[in-house]
Every structure is written in C-alpha cells, then in structure tokens.
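What follows is a set of notes on a single structure, which appears directly below.
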Amino acid sequence: MTASFFDTLVPISNDHPLPSQDSTASSASVVFESAATDPLCSPKREGERPKLPVYEDLHQHISTQLQKLRDLEDRFDKMSGDFHKKVEDAYLRLSDELTGWQDSLEIEKLKYEKEKELMREVRKIQDEKVKLNVGGQHFETSLTTLRRDPNSMLSIMFSGHRTITPDADGSYFIDRDSTYFRLVLNYLRDLRIPPNVRNDPKIMDELMQEARFYKISGLLKLRWVYLSTLTQDPVADQLHKLYPPQKDHAVILHLQTTDLSSLSFANYRIDPRSSFNGSNLEGAHFEDAWFVFDFEHKVDFGNTYLVGARFPHAGTPQRSPGIQFNLEGAVTDDPLLES
C-alpha cells in the first residue's frame, strides 16, 4: 500500500517542550526586573538628569582632544607665520646685499674701464710721441695734441698727407720763437689758458700772433671768451635808449670789450668815430647798417673777433668808396673786409 504524504512527516520531539504559561510568566518577570534595575531603561524622574558616566567620559575625552588639536593648530599657524616672516626678512636682506654687491661691481667695472682707457691713451701717446725743435728749444708732445685743431698748421704738418723729414736726432724743426710755444701746446692739451695769461695784455698780444701763425682758431677766439655777455634784447634796448636810430643823423657807438656776438645793427647810421675795440663780434650783422664817410676817422674794429660777421659790400650805398675800418689786431675770415 502506497504511503501517504502525512506518513512522511517526522513526529515532533518533546526534547524541547514549549514553555508553559507559568514559565512564560516567570521569564517576563525576570525581564521586567532587569529593566527596572538597568539605568538605561529606568524611567527618568521629574527634574532628575540622567546619569551617563560612560558617555560623559567619552565626551570629555573628545573635547580634550579637540582642544589639543586647536592648540596644535594655533601653534602651527604661529610657527608658520614666524617661519614665513623669517624667510621674507632673509630674502629682503639677501636682496639688499645682492643689490649692494651689484652696485659695487658696477663701480669697480667703471673704474676698471677708466683705468683701461687711461692705459690705452698712455700707450697711444707713447707710440705717438713727437719731438719738436722750435727756434732751438726742444719740446716733446703727441700726435693727438698736435692734431687737436684739424685746421691748424700743426695738424696739417703731421696729418700724414705730407712728407716731412726729421732731423738727425729725430726732431722736427719749426722756425719760430719758442717763448710762447709752451702756452700753445698747453692750450692744445687743455683747450684753455691760465687766468694770469689772459689778464696780461702783452702776453695775450704775443700769444695771438702765435695763434695766427699756427692758425689755431680756438686759441684766437679765447681772448674774447670771458667778456661780459649781452643777449640781443638788452643790447637792442640799450642801443635804442643810448643811441636811438636817426634817419638823417649818424650815431657814435661806444661798445668796447663786450660780447656782441650775433647782434644786428640794422638801420643804424654808424658814425666813423664809433668804436668796438676789443669786442667779440662773431656772427654780428652789419649788412643792413649804414657806414658814414669821414676823411679823418674810421670805425675802430681793432682787436675784435669778426669771424662770421657780415658787412655791406664795398662800393654800395651803405658802404660807399673810401670808407675804411681800423682792423689792427682783429681776427676775421673775410678777406674783402680789409679792402
């Protein structure tokens, strides 16, 4: 006979019997008693703070650790700020030191370049040394000095374009009085003359002769460099106040030892008794002035510097035939002025 489904079921064992009602009640009683004694489950009395010692200790520990972290962070920030301040100060100090070293090096470099240039000039002068025999007096100088004024006779002599033969002792002879040649050389070296020479008329006259002979234009002009300088406007005012132009009457002008360079004397009728002696008339304009004729007198341009000055042509109404000028000691670049 075939077994049914129910025959296959295993019978329930009594090894684990279901708790009885009494035992269940007993267990519940134990649970509630435990709950009553557990502080976590005990009901909170009114006004009484719950006692959680474990959590309070944990909270205190965490707070302490957080405070330590904050203190550590503050210390780190302070140390970091101090460190950055020290680094910045060190950087600025080092930058200042480097700048100072750089400036010192630049100064030393400039000094070295100047010394180097000086030594180059010394070697050049030694290589260019020239011996001169001026009227029996021997001088030693350099080609650079002799060529200082490119239009002078000395520069042309030693320009290399002309062949000049030295004497047996290697010197070059110049047939000239040597008394003032030292002043000529010193002028070419320094482009100036001492005040005591400028203030001595006799020496200046002799020196001007040497300057003319050697054709040194700067030395020629030096006589008039230190004159009192007047500009166009005040001189024009003075001329018009002291010597107002008159259409039909000549004016006697007395303008000695004054710097009158580049001034215009247009429309003035200049009396032959006028004097410009010792003045600097470089670039002055007389081409529109009228010079009056006189048998006994002539305008005094003695010892004046007339380079670049402009005058009416001889034979014109402004400078009729027979009008002459006193040009003794004057320096001019116009060969027709003396005619």
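The values are calculated or read from the model by the stated rules, or taken from the named source; none is laboratory data. Since this is a predicted model, take the numbers as computed values, not measurements. With ideal geometry, Cβ positions are generated from the backbone for all residues, glycine too; neighbour counts draw on all protein chains shown.
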I'd like to verify a number: residues in the stretch 198-216 that are β-branched (Val, Ile, Thr) and either surrounded by fewer than 13 Cβ atoms within 10 Å (Cβ to Cβ) or in a helix (DSSP H, G or I) (or both), how many? 1
Given the condition surrounded by 10 or more Cβ atoms within 10 Å (Cβ to Cβ) and on the phi > 0 side of the Ramachandran plot, answer yes or no: does some residue in the stretch 125-143 qualify? yes
Just checking, which of VAL134, VAL122 is among the aliphatic types (A, V, I, L, M) and touching a Ser or Thr at 6+ places or on another chain (Cβ under 6 Å)? VAL134
Can you pull out every residue in the stretch 325-339 that is part of a loop (DSSP other than H, G, I, E, B) and either polar (S, T, N, Q) or exposed (fewer than 13 other Cβ atoms within 10 Å of the Cβ) (or both)? GLU328, THR332, ASP333, PRO335, LEU336, GLU338, SER339
Answer with yes or no whether LEU220 is touching a residue at least 12 places away in the same chain (Cβ under 8 Å), under 19 Å from GLY302 (Cα atoms) and in a helix (DSSP H, G or I). yes
Number of the condition not met by THR99 [criteria: (1) over 22 Å from ASP175 (Cα atoms); (2) in contact with a Leu (Cβ under 6 Å, 6 or more places away or on another chain)]: (2)
Taking the stretch 302-324 and keeping only residues that are out of contact with any Lys or Arg (no Cβ under 9 Å at 6 or more places or on another chain) and either part of a strand (DSSP E or B) or within 29 Å of MET204 (Cβ to Cβ) (or both), one is left with GLY302, THR304, LEU306, GLY308, ALA309, ARG310, THR316, ARG319
Tally time: how many residues in the stretch 191-214 are under 17 Å from THR332 (Cβ atoms) and touching a helix residue (DSSP H, G or I) at 6+ places or on another chain (Cβ under 8 Å)? 4
Return the residues of the stretch 252-271 that are crowded, with 20+ Cβ neighbours inside 10 Å and over 30 Å from LEU219 (Cα atoms); say none if nothing qualifies. TYR268, ILE270
Among helices (runs of 4 or more DSSP H) lying entirely in the stretch 84-193, which contain 1 or more residues that are touching a residue at least 60 places away in the same chain (Cβ under 8 Å)? 153-157
Given the residues SER217, SER178, which is the only one that is within 16 Å of VAL331 (Cα to Cα) and among the hydroxyl-bearing types (Ser, Thr, Tyr)? SER217
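Here's the yes/no breakdown for (1) β-branched (Val, Ile, Thr); (2) surrounded by 14 or more Cβ atoms within 10 Å (Cβ to Cβ); (3) not assigned by TED's automatic domain parsing to the domain that holds THR258:
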site: ASN151; (1), (2), (3): no, no, yes
site: ASP167; (1), (2), (3): no, no, yes
site: THR179; (1), (2), (3): yes, yes, yes
site: ASN196; (1), (2), (3): no, no, yes
site: GLY218; (1), (2), (3): no, yes, yes
